Amino acid sequence: ELKVEQNPLFLSMQEGKNYTIYCNYSTTSDRLYWYRQDPGKSLESLFVLLSNGAVKQEGRLMASLDTKARLSTLHITAAVHDLSATYFCAVLHNDYKLSFGAGTTVTVRA
Amino acid sequence: NAGVTQTPKFQVLKTGQSMTLQCAQDMNHEYMSWYRQDPGMGLRLIHYSVGAGITDQGEVPNGYNVSRSTTEDFPLRLLSAAPSQTSVYFCASSRPNRGPTDTQYFGPGTRLTVL
């Protein structure tokens, strides 16, 4: 059974500083996703990472994938209040099954 | 495109009652799935379908039934609701031959409370 672990589970960020969320998974996979969820809302796709060494960036968020280490990171640059949300990584296995991490709840303070 | 729609948005049931959560998508996606979200546990896959007439179990299928008679619709049935099924339910869909940017698109969710 594929296990996906995120850490930290809670992250209090100070505006303007940089932070990283980690996502480890237990078996090989060919696809990893990052999603954002605002309170009471659905999930919004941020990144799809396909191959070892893949790096994608959108605004202040950058995601990378190391398939050999079974590790993905979501790096936040110069945090701003709008980035407060819960971030999930999810790993695709057996072609169609997504396994999610528990989520990282991010709060950005002034 | 409406994307993925779910009804109802909220529902309260008594233990033992049955109900169907509706999910529809208008993107002609072959793959559809149901997840439940509980605090501190992320999302867990209940059932999924790779096309009309084809369904399979996910991680937590007990207590739930699904069917897929059309490409557009993928209802989730609770046969005899239990308090442990109190959760937020999300439906998702995606294309089967996934390109480099393809992802699963999630519906707005159904918040279910079982008393």
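Computed from the coordinates by the stated procedures, all read-outs in this text should not be read as laboratory data. Given the structure is predicted, the values throughout are model-derived calculations rather than measurements.
Comparing A:Gly40, A:Gly53, A:Gly16 in a Gaussian network model of chain A (Cα springs below 10 Å), the most mobile by mean-square fluctuation is A:Gly40.
Cross-link partners for B:Lys14 among the lysines, with Cα-Cα distance under 27 Å and sequence neighbours closer than 8 places in the same chain left out: A:Lys41. Ignoring aspartates and glutamates fewer than eight residues from A:Lys3 along the same chain, the ones with Cα atoms less than 17 angstrom from its Cα are A:Asp30, A:Asp66, A:Asp95, B:Asp38, B:Glu59. As a length-normalised measure over Cα pairs under 8 Å and 6 or more apart, the relative contact order of chain B settles at 35 percent. Relative contact order of the range A:30-110, taken over Cα pairs closer than 8 Å and 6 or more residues apart, is 28 percent. With θ taken as phi - 60° and the Karplus curve 6.51 cos²θ - 1.76 cosθ + 1.60 applied, the whole-hertz 3J(HN,Hα) list for the range A:77-94 is 9, 6, 3, 10, 4, 4, 7, 5, 4, 9, 10, 10, 9, 9, 10, 8, 9, 6 Hz, x standing for glycine and proline.
Springs join every pair of Cα atoms under 10 Å in this Gaussian network model of chain B, and among B:Ser84, B:Ser67, B:Ser94 the largest mean-square fluctuation is at B:Ser84.
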